[in-house]
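Below is one structure, written out as structure tokens, with a few remarks after it.
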């Protein structure tokens with residue numbers, strides 16, 4: 001018999017209790033190779049040698065849930081921001097998106113009681129549709145060197161090195177990486193069978209699941225498979241004697257893996273600028289400005305719609321991962337010529353950076369007027385897909401907050417009202433609001449925020465905290481400055497939201513236009529309770545040094561892949577040029593001076609460009 005080999009808690013008994021409750025322990029996997037009928041998931045290399053620090057630095061330890069009550073697996077770093085491991089580590093049929101429980105990934109630490117290597121949180125998982133493989137995206141890239149993927153299957157008789165953090169013959173939780181050599185005894189469709197090269201030398205145990213099977217040739221190491229199931233002979237608590245195991249092949253799904261990690265232009269650990277262009281014909285063209293390692297950007301389009309479909313003055317564009325595949329897509333809301341025929345079109349981005357034709361999923365002539373809407377986007381329910389949110393200002397002065405929840409295919413159904421304030425007591429009007437989204441409290445769900453400029457010249461920022469049920473708590477003021485001393489006019493502020501200091505909470509940045517024409521970039525960083533610190537300024541410029549604020553707009557993204565969102569300034573020159581300039585974020589959330597990343601005198605008109613931050 002072979003058994004599954006995923007995680008353990010602080011002790012074997014604790015692990016058994018959790019595993020039975022979660023439906024893991026005692027579950028046999030249907031054998032898929034070489035006449036084996038069943039098996040058990042794997043967790044430690046019993047009988048293997050301790051791995052020295054610095055060797056196999058790409059091996060990862062995954063703690064799924066809290067230590068002592070959760071379980072553990074092993075994986076391998078295949079890209080600076082992606083780890084591959086066994087899908088079963090996250091449940092029987094895990095859904096793509098944010099892991100169901102917090103998962104800590106430690107890379108490059110042979111002794112888990114030490115401090116070497118790097119620690120990251122699992123931000124997203126992408127399960128393979130029919131193989132025991134899952135890709136785990138880290139919340140930030142690492143500087144650890146990934147392992148290469150093997151391009152060909154091992155052959156029977158090949159010797160592989162298998163590694164893992166799992167149970168040994170004497171320890172439930174060794175907290176150390178072990179490795180041993182195994183020989184390939186058979187190759188099947190999607191799997192390998194392996195056995196120790198010497199009698200009773202080593203076995204694969206609980207905690208090793210998802211660990212790497214490595215082929216070493218001419219001093220190079222490549223990943224060819226991960227641990228699937230094992231007989232668990234020699235493992236503490238097991239009476240089995242066989243030391244054989246089944247590995248899940250990766251060589252034949254390398255293209256699927258590389259579609260995500262790194263997956264070319266769409267997933268290279270640097271965010272790209274997205275925008276839509278409104279053609280005079282009534283067509284819309286989504287564009288991606290791809291960011292290079294050198295910091296330059298190049299325009300990529302190719303999904304222009306047919307003519308006469310859109311009214312440029314009533315277009316609103318959004319960016320986000322609307323189908324949960326970890327690739328940024330675009331959505332366009334249009335209000336039609338009369339502002340009353342509302343449509344939502346999704347432009348999905350492929351792994352190679354090209355886009356798919358628009359898919360229209362929501363049309364309404366009864367919802368209301370485009371001119372009474374103020375929209376933003378974010379993952380409000382924490383399912384890994386970006387949703388849309390919008391305030392609607394009714395004619396009687398009441399106001400509501402609606403959400404269009406993204407489906408698995410990136411389309412949208414009808415909106416649901418999640419918050420409402422009646423005309424009495426009067427809350428406010430959208431003409432005084434500037435809305436945005438961000439995870440201000442770091443709970444994994446985006447919240448909605450808005451600047452509000454009061455009639456007495458005081459200014460506040462309000463937050464609507466997203467709940468686990470997909471709604472919002474009552475609004476609360478998360479920052480405020482009174483009329484005296486005078487702070488400024490929100491109408492002189494261009495805003496963008498992002499995690500600018502890399503602490504996992506959403507911040508707000510703005511480009512402020514002073515009455516003398518000078519400019520300054522301001523940052524409001526988020527506190528742990530979801531409120532905001534007072535703004536501080538970083539980059540400043542005179543209007544003669546930079547240019548006109550009237551032809552400058554902001555967007556945000558991690559353009560250098562360092563884990564902190566940066567700003568990009570779109571500028572329309574007096575010579576008809578269009579340019580993009582990046583302002584790199586510092587550790588405190590401030591910004592460096594802008595650096596030109598793109599400039600063209602032939603791209604088109606500045607006024608025909610829509611950024612996601614526009615009309616918010």
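Here are some notes:
- Flag for residue 332 being crowded, with 22+ Cβ neighbours inside 10 Å, assigned by the TED database to the domain that holds residue 389 and in a strand (DSSP E or B): yes
- Filter result for residue 492 (more than 30 Å from residue 81 (Cβ to Cβ), in the same structural domain as residue 467 (by the TED database) and modelled with pLDDT of 95 or more): yes
- Test for residue 381: is it out of contact with any helix residue (DSSP H, G or I) (no Cβ under 6 Å at 6 or more places or on another chain), surrounded by fewer than 23 Cβ atoms within 10 Å (Cβ to Cβ), at pLDDT below 95 and closer than 22 Å to residue 464 by Cβ: yes
- With respect to the conditions (1) within 12 Å of residue 58 (Cα to Cα); (2) more than 14 Å from the chain's Cα centre (by Cα), residue 83 falls short on a single one, namely (2).
- Scanning the range 167-174 turns up at least one residue that is at pLDDT below 85 and either closer than 20 Å to residue 228 by Cβ or under 19 Å from the mean Cα position of the chain (by Cα) (or both).
- Residue within the range 298-313 that is in a loop (DSSP other than H, G, I, E, B), crowded, with 23+ Cβ neighbours inside 10 Å and at pLDDT 95 or above present: yes
- Within the range 67-112, tally of residues that are under 21 Å from residue 143 (Cα atoms) and either at pLDDT 90 or above or not assigned by the TED database to the domain that holds residue 163 (or both): 16
- Any hit, the range 508-516, residues being in the same structural domain as residue 587 (by the TED database), modelled with pLDDT under 95 and closer than 23 Å to residue 554 by Cα: yes
- Condition met for residue 480 (closer than 26 Å to residue 537 by Cα and modelled with pLDDT of 95 or more): yes
- Residue 427 being in a loop (DSSP other than H, G, I, E, B), at pLDDT 95 or above and within 19 Å of residue 390 (Cβ to Cβ): yes
- Residues of the range 261-280 that are in contact with a strand residue (DSSP E or B) (Cβ under 7 Å, 6 or more places away or on another chain), surrounded by fewer than 23 Cβ atoms within 10 Å (Cβ to Cβ) and modelled with pLDDT under 85: 262, 265.
- Within the range 183-201, being in a loop (DSSP other than H, G, I, E, B) and either at pLDDT 85 or above or on the phi > 0 side of the Ramachandran plot (or both) holds for 189, 190, 200.
- When residues of the range 584-616 are limited to those that are in a strand (DSSP E or B) and free of Cβ contacts under 8 Å to residues at least 60 places away in the same chain, the one nearest to residue 496 (Cα to Cα): 596
- Check on residue 353, under 27 Å from residue 403 (Cα atoms), touching a strand residue (DSSP E or B) at 6+ places or on another chain (Cβ under 8 Å), in a loop (DSSP other than H, G, I, E, B) and at pLDDT below 90: no
The values are calculated or read from the model by the stated rules, or taken from the named source; none is laboratory data. Bear in mind that the values here come from a model prediction, so they are computed numbers and not experimental data. As a convention, Cβ positions derive from the backbone with ideal geometry for all residues, glycine included, and neighbour counts pool all protein chains shown.
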